[in-house]
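The values are calculated or read from the model by the stated rules, or taken from the named source; none is laboratory data. This is a predicted model, so every value here is computed, not measured. No Cβ is skipped: glycine too gets one built from the backbone with ideal geometry, and neighbour counts run over all protein chains shown. Just the protein is used for accessible areas: all its heavy atoms, side chains included, with ligands, DNA and RNA removed. Shrake-Rupley method; radii C 1.70, N 1.55, O 1.52, S 1.80 Å.
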Amino acid sequence: MLDKLTQKFSDAFRFIAGKSQITEKNIDDAVEAIKMALLEADVNLRVVRRFVNSTVEEAKGEKVLRSVDPGQQFIKIVHDKLVSFLGGSGGGEGLKLKGPDTISTVLMLGLQGSGKTTSSAKLALRLKKEGRKPLLAACDLIRPAAVEQLSVLGSQIDVPVYKEEGAKDPVAVYKGALSLAKKNLYDTLIIDTTGRLQIDEAMMAELIRLKDAAKPDELLLVADSMTGQSAVDIAKTFDEKIGLSGVVLTKFDSDTRGGAALSLKTVTGKALKFVGTGEKPEDFEPFRPERIAGRILGMGDVVSLVEKAQEVIDQKEAIELQKKMEKETFTLDDWLNQLRSVKKMGSLQKMLEMIPGMAGQISEDDINKEDFKHQEAILSSMTSKERNNHLIIGPSRRSRIAKGSGTSVAEVGRLIKKFEKMRTMMKKVSKMGKNPQALQQMMGGRI
């Protein structure tokens, strides 16, 4: 995610990093490198000029040149500028929906292939987790199998989908969906609309009819972030023709450049509200400018990482696990549960990118996914009794476990040895956490 941009910014900061004094020449070199990074990221030229000019103006003031740590001050200025261009501080703009006693309507717009139908389902799942009661309306009557796709996605996330067989008029389908929503007390109606391979008058006329009938609370354009400036141009056209309240960028996890995200707010004036970060229904995040700016500059995004962990890890279980680590009663069964929790959090590479300094340092190829699969297979092939007392796993049991997991006896043995070593280390670390002096000695006095 935005790997190329992160690397380019890191290279630019080398001009000023660690220097006790910064000259205007240092700043010019760093800003020139940033300008090239933004242009290579396919950021709108007007946006690049504004970004560079405002950065130079502030960086060449006494605030940086006379700063105690001018390098860090310069990075802070760049960070604040990035936040501003991405949408401003204070977090991303959420959806403006009505209270639970009134039906809120969200119109999902976009070209064919942008991920509009999938994003409709992802949004429904997110709102469902937030306590709302969503209903999906299948109003894309042009693309073959669009209605069926939405139905399948709806069943996956357990959100109902309103559809009409053989329907020709999306406005009529919307009215049927609204009637069902009122009858069954759904509080949010998400409408998946028609798309085309390119913008044309027929599509716009249909969308305007639907907008006039639904009077939606939110008009969200779904755009493919991989298309860069094309996504920004599409957003601008949709806003001029129909009017938008915000944008959803899909394939954000695959976007190594970031041109669309950095240009959207400045060019269109519309907030980037959500980003699609994977293929799973839960891979859908609110867009938060400060966190994304931190990731671009290699500062990580620990807050998002903690939020992901909180979604899959129960607080009581975490406290119980801490006690087990301290008493060295952590079992193979606990290990299996932890492996599965990590899997629920999503891509390991995405999680590593949220850790400060790790962005761009580890590629997908560096992560041994097969090792994780083998570990889970071996642990799953053990009986509950074996996982809770690994000491009973003798030669015959190891042979059975290896056969059941499709691995070798040697691999089973290595996993058990690794577990014993890890359990001892966990006990030491948990005790050190309560004894700073001991931890300092263990770390060689480096804290």
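Computed from phi, the 3J(HN,Hα) profile of region 388-403 under the Karplus parametrisation 6.51, -1.76, 1.60 (θ = phi - 60°) reads 8, 8, 5, 5, 8, 7, x, x, 5, 5, 4, 5, 5, 5, 4, 5 Hz, with x in place of Gly and Pro. When peptides 214-220, 129-135, 411-417 are ranked by their average number of other Cβ atoms within 10 Å per residue, the highest-first order is 214-220, 411-417, 129-135. Between residue 242 and residue 205, the modelled labels are 1.6 nm apart [label points 7 Å from Cα along Cα→Cβ]. Using the Karplus relation 6.51 cos²θ - 1.76 cosθ + 1.60 with θ = phi - 60°, the per-residue 3J(HN,Hα) values for region 210-220 come to 5, 4, 5, 6, 7, 6, x, 6, 9, 10, 9 Hz, with x marking Gly and Pro. Think of a 1.4 Å ball rolled over the protein heavy atoms: region 74-173 then has 43 Å² of accessible area per residue. The calculated P(r) of region 103-252, using every Cα pair and 10 Å bins from 0, goes 12, 46, 35, 7, 0 in percent. Probe radius 1.4 Å, ligands and nucleic acids ignored: give me the carbon and sulfur share of the accessible area of region 59-211 as a rounded percent. Taking all protein chains in place, region 59-211 shows 51 percent carbon and sulfur surface.
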